[in-house]
């Protein structure tokens with residue numbers, strides 16, 4: 001009752017739906033001239049095409065030989081590479097510059113940092129109630145009376 005209504009939690013995290021539409025379905029299916037690659041660092045582009053070559057070599061292994069990468073490993077590394085490329089593209093300066101307010105998700109959601117800061121302030125205020133209570137009852141300071149017995153002459 002004292003805390004009031006908490007602000008609504010963020011329902012979905014960045015990226016926005018409009019930005020998700022910009023993402024390719026599979027980064028490994030892209031060619032070197034694709035326009036999506038301009039959002040990535042050159043080192044990430046090289047990693048992407050190295051993985052693409054490794055997968056092609058593994059799948060081109062003759063029937064009797066063991067491929068360098070199993071299909072499970074190919075799936076795992078492909079998923080990791082897609083996640084890396086998606087995150088890098090969505091945090092690139094070109095994509096962020098398109099949105100004038102990248103922290104504003106919609107009218108219902110709040111910035112998580114602001115929510116945490118408000119909660120910290122609220123907790124500090126509630127701890128201050130104890131100090132106020134102690135000052136009211138004059139128990140926040142030691143007694144001004146002498147702890148030694150005073151004998152009158």
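Only the coordinates and a few stated rules stand behind these numbers; no lab work does. Because the structure is predicted, anything quoted here is derived from the model rather than measured. All Cβ positions, even for glycine, are placed from backbone atoms using ideal geometry, and neighbour counts span all protein chains on display.
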- When ranked by the protection proxy of mean other Cβ atoms within 10 Å per residue, highest first, what sequence do the peptides 60-69, 114-123 form? 114-123, 60-69
- Item | Linear extension gain, residue 21 paired with residue 118, 0.36 nm per residue minus alpha-carbon span | 31.6 nm
- Note on the structure: For segment 17-98, the Cα-Cα pair-distance distribution in 10 Å bins from 0, as whole percents, is 17, 46, 25, 10, 2, 0
